[in-house]
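To keep things clear, I will list the structure first and then write my remarks on it.
The values are calculated or read from the model by the stated rules, or taken from the named source; none is laboratory data. Since the model is a prediction, treat every value here as computed from it, not as a measurement. As a convention, Cβ positions derive from the backbone with ideal geometry for all residues, glycine included, and neighbour counts pool all protein chains shown.
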Amino acid sequence: MRHNFLNLSRYSNGAYCEKSIRHQFSQKIPFVNWFTVAFKGLKRKELIAAFDPSHIKKSGKHTFGKGKYWSGKDQQMKEGIEVSCLSIVDVEDRTAYGMEVVQTPSDREGSLIDHYVSVIRNRLQEVLAYTRYLTVDGYFIKKKFIDALIKEGLVIITKMRQDANLTYLFEGEQKKGKGRKKMYEEKVDVKNIDKSK
């Protein structure tokens, strides 16, 4: 059986006509406002925020936002669409509550990182009402992403790449004369970190 607005009106026992149902479906649902009302009890618990884009396989010539995006499952760029999910995670119950899902536009201005930062910035006040900790995967350990969100008051929790080049900052006395000032000392041995630095 095909489900359409006319059929839905028949099942409403005359309470709603087809036009009323069609009108309600055309309205945008304020999911974030609904989330705030439905999950206000979460604020008393230990929470973190989580952000993660997901690839969805999609075909067709007129699908909005269709392009090439990274598929973590297949470990390669694939044709389809991408959505980014911003969630609040109850640490004790190990349960994530989706606050908002935003589709990545294929004709966006700027880089993907700029888009991801804007998605989080648009919901910053709502996230900060629950927590200041944001968890993301290893892709997001980029200066542009981290710096932008630290300025907004978030603490970023992520994983570093295996080949990350970590060095201690140089805090000693600089040599006099021409040339660039020394910025870094030796590499960090992650198995034997110098806690004094």
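At a glance:
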| read-out | value |
| --- | --- |
| Test: residue in the stretch 184-197 that is outside the structural domain of Asp52 (by TED's automatic domain parsing), small (Gly, Ala, Ser), loosely packed, with under 10 Cβ neighbours inside 10 Å and on the phi > 0 side of the Ramachandran plot | no |
| All positions within the stretch 158-183 that are more than 28 Å from Phe51 (Cα to Cα), among the charged types (D, E, K, R) and surrounded by 10 or more Cβ atoms within 10 Å (Cβ to Cβ) | Lys182 |
| Inter-residue pairs, beta-carbon under 8 Å, first in contact (Cβ under 8 Å) with a residue 12 or more places away in the chain and among the aliphatic types (A, V, I, L, M) and in the stretch 182-197, second surrounded by 10 or more Cβ atoms within 10 Å (Cβ to Cβ) and part of a loop (DSSP other than H, G, I, E, B), 6+ apart | Met183/Phe170; Val188/Leu166; Val188/Asp194; Val190/Leu166 |
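Quick grid of which residues meet (1) within 20 Å of Leu47 (Cα to Cα); (2) among the acidic types (Asp, Glu):
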{"position": "Val89", "(1), (2)": "yes, no"}
{"position": "Val102", "(1), (2)": "no, no"}
{"position": "Val117", "(1), (2)": "no, no"}
{"position": "Glu126", "(1), (2)": "yes, yes"}
{"position": "Tyr130", "(1), (2)": "yes, no"}
{"position": "Lys143", "(1), (2)": "no, no"}
{"position": "Ile156", "(1), (2)": "yes, no"}
